[in-house]
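Take a look at the structure below.
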Amino acid sequence: MKAEVMITDLRAGLYWKNVRLEIKETDCVHQISLFPSFRRQTFYGFGGAFTEAAARCWKRLPDALAKTLIDRYFGKDGLCYVIGRVPMGSSDFSPAHYSCIERADSAETFHTEIDDEYLIPMILAAQEAAGQPIGLLLSPWSPPAFMKTNQERNHGGKLLPEYRKQWAECMAAYASHYRKAGCDVRRMSIQNEPEAAQPWDSCLWTAQEEGEFAADFLAPALEKAGCPDIAILAWDHNKEGLFRRAEGTLAVPGSEKAVRGFGFHWYTGDHFDTLRAVHERWPKKELWFTEGCVEYGRFGRMSALYKAEMYAHDILGNLNAGICGSMDWNLLLDAEGGPNHAGNFCEAPIMLNEDGSDFILQSEYYYIGHFSRFIRPGAVCIMSSSWNSQIETVSFENPDKSRVLVALNRTDASLPVSAAETGKEEEAVCFKLPAHAIATVRITDQ
């Protein structure tokens with residue numbers, strides 16, 4: 001058996017640093033056990049959102065730096081991202097509003113200019129860097145204003161019943177357009193944050209309405225457009241409401257077949273037990289983390305270490321609760337945290353500098369990498385248990401049979417760790433996990 005340990009210790013200036021295994025098992029108090037025979041969900045990968053804001057920032061960079069940035073996310077020496085989320089039409093992270101169809105009397109004209117100029121080129125560059133297709137989730141923030149009760153993209157409103165068929169056909173046409181451009185659309189959510197009447201692009205849906213729309217309109221529209229393989233996700237909102245929404249949506253006749261799974265965000269706390277309950281109640285339904293970020297209004301003054309640990313803690317909890325994919329929010333933002341027409345600026349793992357001539361890697365970038373660089377698509381979550389709650393852990397077995405353990409220490413003490421697979425305790429991997437540091441252990445049989 002061979003093992004390597006990579007540690008990021010922000011306070012010591014260490015990033016993805018390979019450490020020498022010099023301590024003995026007898027020196028280790030904090031024991032971590034791995035159980036490869038106890039297998040959980042299959043995992044599809046990590047990624048981020050190709051928003052208009054991200055794409056516009058990317059286009060500001062000189063060509064060489066633009067390529068380097070893409071490599072930082074999608075290249076083999078970067079975060080190894082393999083999935084991504086794309087807003088259908090404008091979101092809050094757009095400089096201005098736009099829809100694929102702007103007026104009822106122009107319904108035959110389908111607008112994709114912004115996608116073609118900004119988003120699709122960034123996605124194609126990501127695919128080139130990754131050496132494989134990037135699996136995309138498309139998510140609308142609002143139907144066109146003329147289709148809604150309030151006749152605007154902002155402030156919630158609802159989709160008028162008479163436009164359900166046309167809106168479903170627009171969503172299917174969006175997916176078809178992206179596929180024709182060479183993008184790999186695999187999933188589509190019905191609505192971003194369907195219980196939030198935001199001052200920016202938003203639309204309200206009940207659980208029953210999502211179920212009916214998926215079964216009676218969106219699934220047929222995708223099939224008619226030649227995209228029957230695109231999976232439909234419901235909810236796409238904060239995780240504390242997931243269980244009740246899943247119950248309501250899946251109670252609708254036909255929705256059990258039409259809805260492949262559920263997306264969720266992190267803005268209302270951990271709620272890992274809610275995720276676990278949904279996974280146990282509906283084990284065949286996919287669970288996707290589809291959005292999370294450092295909001296400047298809530299976390300802007302927090303330390304870099306706090307933000308990084310917030311990311312790692314949430315990823316660990318989500319993975320242990322049964323998710324099959326994890327997508328961060330904006331891939332790139334300017335120094336202000338935009339562009340954003342709503343003024344709700346936030347942080348991305350990579351930010352432009354003040355004049356937009358270069359980019360800066362944030363602390364959370366390195367913490368994400370402890371998961372995304374080593375847990376590969378097709379990996380299966382296996383059980384791991386820790387001596388106590390001082391160390392948070394998750395473990396996976398990759399398709400190549402390597403085992404990966406991620407361990408997070410949010411305490412003020414350096415902790416001596418012994419990690420071993422059940423039945424192979426004599427081959428324990430021993431190392432010191434510094435205070436407020438994160439480690440990834442990769443174990444192979446060679």
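Taking the criterion of being among the β-branched types (V, I, T) and touching a helix residue (DSSP H, G or I) at 6+ places or on another chain (Cβ under 9 Å), the residues of segment 322-380 that qualify are I323, I350, I368, I375. When N192 is tested against (1) buried (at least 24 other Cβ atoms within 10 Å of the Cβ); (2) touching a helix residue (DSSP H, G or I) at 6+ places or on another chain (Cβ under 7 Å); (3) polar (S, T, N, Q), exactly one condition is not met: (2). With a requirement of 2 or more residues that are β-branched (V, I, T), the strands (runs of 3 or more DSSP E) lying completely within segment 348-446 that satisfy it span 379-386, 391-397, 403-409, 437-444.
Scanning for something charged (D, E, K, R), more than 16 Å from E286 (Cα to Cα) and in contact with a helix residue (DSSP H, G or I) (Cβ under 8 Å, 6 or more places away or on another chain), does segment 245-267 turn up at least one residue? Checked segment 245-267: no residue is charged (D, E, K, R), more than 16 Å from E286 (Cα to Cα) and in contact with a helix residue (DSSP H, G or I) (Cβ under 8 Å, 6 or more places away or on another chain). Scanning segment 200-212 for residues that are within 24 Å of the chain's Cα centre (by Cα) and either surrounded by 24 or more Cβ atoms within 10 Å (Cβ to Cβ) or not aliphatic (A, V, I, L, M) (or both) returns W200, D201, S202, C203, W205, T206, E210, G211. Condition (residue is in the same structural domain as N192 (by TED's automatic domain parsing), surrounded by fewer than 21 Cβ atoms within 10 Å (Cβ to Cβ) and part of a loop (DSSP other than H, G, I, E, B)) applied to segment 113-128: is it met by at least one residue? Looking for residues that are in the same structural domain as N192 (by TED's automatic domain parsing), surrounded by fewer than 21 Cβ atoms within 10 Å (Cβ to Cβ) and part of a loop (DSSP other than H, G, I, E, B), one finds none in segment 113-128, hence no.
The values are calculated or read from the model by the stated rules, or taken from the named source; none is laboratory data. Worth saying up front: this structure is predicted, and the values here are computed from it rather than measured. A quick note on method: Cβ atoms are made from the backbone with ideal geometry, for glycine too, and the neighbour counts reach across all protein chains shown.
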